[in-house]
1. Which of the trypsin sites (Lys or Arg not before Pro) found in segment B:134-209 are loop residues per DSSP with 15 or fewer other Cβ atoms within 10 Å of their Cβ?
2. Taking chain A as the reference, fit the longest principal axis to its C-alpha atoms, fit the long axis of helix A:74-83 to the helix C-alpha atoms, and give the angle between the two in degrees, 0 to 90, nearest 10.
3. Once you keep just the Cα pairs under 8 angstrom separated by 6 or more residues, what percentage relative contact order results for chain A?
4. Please list, by residue number, every one of the trypsin sites (Lys or Arg not before Pro) in segment A:44-117 that is coil in DSSP and has at most 14 other beta-carbon atoms within 10 Å.
5. Which residues, if any, in segment B:104-124 have at least 30 Å² less accessible area in the whole protein complex than in the isolated chain, probe 1.4 Å?
6. What is the mean projected area of the alpha carbon convex hull for segment A:76-161, to one decimal in square nanometres?
7. Expressed as an acute angle from 0 to 90° and rounded to the nearest 10, what is the orientation of the C-alpha long axis of helix A:91-114 relative to the principal long axis of chain A?
8. ³J(HN,Hα) across segment B:81-98 via Karplus (A = 6.51, B = -1.76, C = 1.60, θ = phi - 60°), whole Hz, x for Gly/Pro?
Amino acid sequence: MKKTAKDFAHIPGWGIDNDPKNEPTYPNRHRTGEEHDGRSWVRPTQQVLDREVLHSIERPDYTAVVGNSVPPSGLSGVIRRFAFKYSENSYLHWLPLLMADKVNVVEGILDDFAHGTVPNIFVEKGYKAEWKHSPQTLVLKLAAFTAVTAGTILWLSSGDKKKPVRRSRY
Amino acid sequence: MLAMDFRGPKRVRAVQKPMPEIKHPEDAIVRILRTCICGSDLHLYNGNVPDTRVGMTFGHEFVGEIVEIGSEVTNVKVGDRVMVPFNIACGRCIFCKQGMFGNCHESNSEATAVGGFLGYAHTGGGHNGGQAEYARVPYANFGPTLIPEGMSLDDAVLLTDITPTGYQAAEMAGIQPGDTVVVFGAGPVGIMAARCCWLFGAGRVIIIDKEDYRLEFAKNFAKCEAYNFESDMDDPVMFLKKTTDWIGADACIDAVGAEAAGNAMQTITGRKLLLQAGSATALHWAINSVRKGGVVSIVGVYGPTDNLVPIGNMINKGITMRGNQASVKRHLPRLIDHVMNGILKPSELITHRIPLEEVADGYRMFSAKLDNIIKPVLIPPTANS
Ligand SMILES: NC(=O)c1ccc[n+]([C@@H]2O[C@H](COP(=O)([O-])OP(=O)(O)OC[C@H]3O[C@@H](n4cnc5c(N)ncnc54)[C@H](O)[C@@H]3O)[C@@H](O)[C@H]2O)c1
Ligand SMILES: [Zn+2]
Ligand SMILES: [Zn+2]
């Protein structure tokens, strides 16, 4: 049996936004046709760049506004500049960026030390909250960490490790 | 000013940073009164979005008071209390003209496939965000919207992202009266999507997650059926086929995105090894459990590279797939009405209020789903002055 609005009386607003035109491509059908004219709109004032900003090579220039967050710097910056030589269609764009992010984390720690700050990993990782609401998880993590560290130390200090056999070249 | 500072995967802190400045004649500076942590922030937090730089301030859901405006700003004035849509939209490019404010072509130099977002990595345009005491808001003539008299800041802040996102998820599902809609993910976005499906006349709404407390919350808030994919079923697709008389749902909504659990292969390749742009488990299930000719609506966020999904089934079943970043500004007039008329009560989703100083705890709690958290709001110290 077909249900009617009465069946949904307990749900405030049932059906109020129902619209027969709401087929799945709604609302992108509001096309103006201007796409065919290319980048034809009157552009906003161009922001004056006060720092290095990288732009996708899938556009010829900067957008009218650009972000105010950290510019590329250091080794991670070198990698990011390399990545931006490739289009968003290329793995050579995205994979180096992921690598740069990892390098950037190490740079962040070095930078902290250079500024006399020892990063408080316990606080930064929100372990205070984990300790309060899920101590068993934190204990497990610490136990795993301790086991791995102890294992590594034991292994490193066990002395007579076999020297890797060097393959002769011929 | 105090601001959130990204240091690396799962490492954030609150530090003093320089005040944001007007950089463009259409900019405004906003003193932040409420700012949220979102499921989208978790992709950044976990280190899954390329070009997320150490030192960035995240935060794309916030409301506040305008404290300074650029020389070309006429639509808002100092002292106005505004909600700031998460997308940065110029209002005049060909995409904005079509109401695609999440796809503006004048706000993100770094990527053409992604619009400009506040506080969303350099792949989102490198704009510092609102998990801070102050933020720079570009295109202030267009984005910031006055908070109407009588609306609480809590309702207002949830209108900057998750309410429009949930609403658009339902809109894109092309719901016809009586349709059965399955929502994957009972986070704030999925819960709101489930609630909004009814506004479009759905006949049956089912939500799927693995967190019992969220399912319980969704059942009450969204008045829908709720099932746990870990304990209520072996295979979600089989379960959904069976409950729809072996036809499949009319529409499925992916409100999970890259952080999905539920399939070891997807988790390892998508979240641990980053061989795909996140784990596509929910999308995979959505494609396989929708009926032939049905609609898959995607608001869950994925990275910019590739994902493993059964695209062959999309063709064989004649599925329509749609997705987008929510076009917040387009939905605001209608959603403001719905909130003012008591039809939607977004603030009920807020379970935690956390001082900005404790931002690291907030991220950990939201990411690890501690203390039955649904939606956390951060309160900057200057919010109360
Ligand atoms: N398109 C947009 O405009 C937009 C805006 C905001 C958020 N989002 C995205 O929406 C998604 C959800 O955001 P949120 O704030 O609700 O996040 P959240 O992390 O709070 O919620 C995600 C939920 O999905 C559940 N889940 C995990 N794997 C699942 C699976 N396989 N099936 C079903 N549920 C599963 C989790 O337990 C969690 O409750 C994120 O990907 C976020 O980036 C998109
Ligand atoms: Zn968000
Ligand atoms: Zn635009």
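1. Sites meeting the loop and neighbour criteria: none at all.
2. Tilt relative to chain A: about 50 degrees.
3. Value for chain A: 10 percent.
4. Values: sites: A:ARG51, A:ARG80, A:ARG81, A:LYS85, A:LYS102; in loops: A:ARG51, A:LYS85.
Taking segment A:44-117 and a limit of 14 other Cβ atoms within 10 Å, the loop trypsin sites (Lys or Arg not before Pro) found are A:ARG51, A:LYS85.
5. B:HIS105, B:GLU106, B:SER109, B:GLU110, B:THR112
6. Approximately 9.8 nm², given one-decimal rounding.
7. Orientation of helix A:91-114: about 60 degrees from the principal axis.
8. 9, 10, 9, 10, x, 5, 8, 8, 10, 7, x, 9, 6, 5, 7, 4, 4, 8
The values are calculated or read from the model by the stated rules, or taken from the named source; none is laboratory data. Here the structure is a predicted model, which is why all the values come from computation and not from measurement. Every residue, glycine as well, gets a Cβ built from its backbone with ideal geometry; the counts of neighbours run over all protein chains shown. To get the accessible areas, we keep the full protein, side chains included, count just its heavy atoms, and leave off ligands, DNA and RNA. Shrake-Rupley method; radii C 1.70, N 1.55, O 1.52, S 1.80 Å.
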